[in-house]
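Some notes on the structure that comes next.
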Amino acid sequence: MTYTELVAEIQAYTQNYESDFVANIPTFVKQTETRVYNTVQIPALRKNVTGVTTNGNKYVSCPTDFLSVFSFAVIDGDGNYEYLLNKDVNFMRAAYPNPNEQGLPKYYALFGPEVVNQTPTNELSFILAPTPDALYTVELHYYYYPQSIVTAGTSWLGDNYDPVLLYGSLVEAYTFMKGEQDMMGYYEKKYQDALMQLNRLGTGLERGDAYRDGQAKIRVNP
């Protein structure tokens, strides 16, 4: 389903073509996308990026489209991967109270907003411990916010599982319209059903196979 098709379906379901309503359809869709991406970890929405540490600098910037970490590794001078353990910032401070203690990083944590020229930004940053003692390559495997179907015209959700986009947008639309509670409840149920099916795919079927997990089957009574 493309964005044009989605807009047409929202208008057809709600029978609402008023200009104020139509102008807010992009918001309905973007709100739905945000809810979905923060509910289901979809393997197709992962990225790998590499960067470098700086000698004596314990901070690493997050990507601008960062949602959550899948894995974080540092690569030593021999090309060996050392996967870092996720810890709380308090642990980092307790384990390495002296920030001047340097070495190959073993731990990482989400530290907070990045500060540029003494001004906090909207982007997060990682803190590493111990503080890197050299220039190391780091590889971040992470879940990301893809470009919205509103601006791209198409998206993974639209191409692969559009019911969750449609019914989530209808919930947002009926909230905007202050629609009848029975219809609101109906669309909310349809949205939750679609979300459950997507979760079954994203955190279930796409994370296993028949060799390791056995074939899916329904028990048949003799």
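Hey, could you check the range 177-200 for residues that are open to solvent by less than 30 Å² (accessible area, probe 1.4 Å) and not hydrophobic (A, V, I, L, M, F, W, C) and say which is farthest from the chain's Cα centre (by Cα)? Restricting to residues being open to solvent by less than 30 Å² (accessible area, probe 1.4 Å) and not hydrophobic (A, V, I, L, M, F, W, C), the top hit is GLY179.
For the range 45-64: of the residues being hydrophobic (A, V, I, L, M, F, W, C) and either assigned to a helix (DSSP H, G or I) or open to solvent by less than 80 Å² (accessible area, probe 1.4 Å) (or both), which is farthest from ALA152 (Cα to Cα)? Checking each candidate, the answer is VAL60. Taken together, the residues in the range 65-85 that are assigned to a strand (DSSP E or B) and farther than 14 Å from TYR142 by Cα amount to 5. Residues being under 18 Å from the mean Cα position of the chain (by Cα) and open to solvent by less than 10 Å² (accessible area, probe 1.4 Å): count how many of those fall in the range 156-176. Count: 5. Every listed requirement among (1) closer than 18 Å to LEU165 by Cα; (2) in contact with a helix residue (DSSP H, G or I) (Cβ under 6 Å, 6 or more places away or on another chain) is met by THR4 save one, (2). Residues that are among the β-branched types (Val, Ile, Thr) and surrounded by fewer than 16 Cβ atoms within 10 Å (Cβ to Cβ) were ranked within the range 9-38; the one that is nearest to MET177 (Cα to Cα) is VAL22. Only one entry of THR32, THR39 meets the criterion of being in a helix (DSSP H, G or I), among the polar types (S, T, N, Q), within 30 Å of LEU195 (Cβ to Cβ) and in contact with a helix residue (DSSP H, G or I) (Cβ under 7 Å, 6 or more places away or on another chain), and that entry is THR32.
Look at (1) more than 30 Å from THR175 (Cα to Cα); (2) open to solvent by less than 40 Å² (accessible area, probe 1.4 Å) and you find that ILE42 fails only one, number (1). Of the residues in the range 13-27, none is over 24 Å from the mean Cα position of the chain (by Cα), more than 30 Å from PRO163 (Cβ to Cβ), touching a residue at least 60 places away in the same chain (Cβ under 8 Å) and assigned to a loop (DSSP other than H, G, I, E, B). Within 30 Å of LEU6 (Cα to Cα), open to solvent by less than 50 Å² (accessible area, probe 1.4 Å) and in contact (Cβ under 8 Å) with a residue 40 or more places away in the chain - does that describe any residue in the range 75-92? No, the range 75-92 contains no residue that is within 30 Å of LEU6 (Cα to Cα), open to solvent by less than 50 Å² (accessible area, probe 1.4 Å) and in contact (Cβ under 8 Å) with a residue 40 or more places away in the chain.
Checking every residue in the range 104-114 against the condition of being free of Cβ contacts under 8 Å to residues at least 12 places away in the same chain, over 17 Å from the mean Cα position of the chain (by Cα) and open to solvent by 70 Å² or more (accessible area, probe 1.4 Å) gives zero matches.
The values are calculated or read from the model by the stated rules, or taken from the named source; none is laboratory data. Note that the structure is a prediction, hence the values are computed from the model and not measured. As a convention, Cβ positions derive from the backbone with ideal geometry for all residues, glycine included, and neighbour counts pool all protein chains shown. Remember, those area values only see protein heavy atoms, side chains included, never the ligands or the DNA or RNA. Shrake-Rupley method; radii C 1.70, N 1.55, O 1.52, S 1.80 Å.
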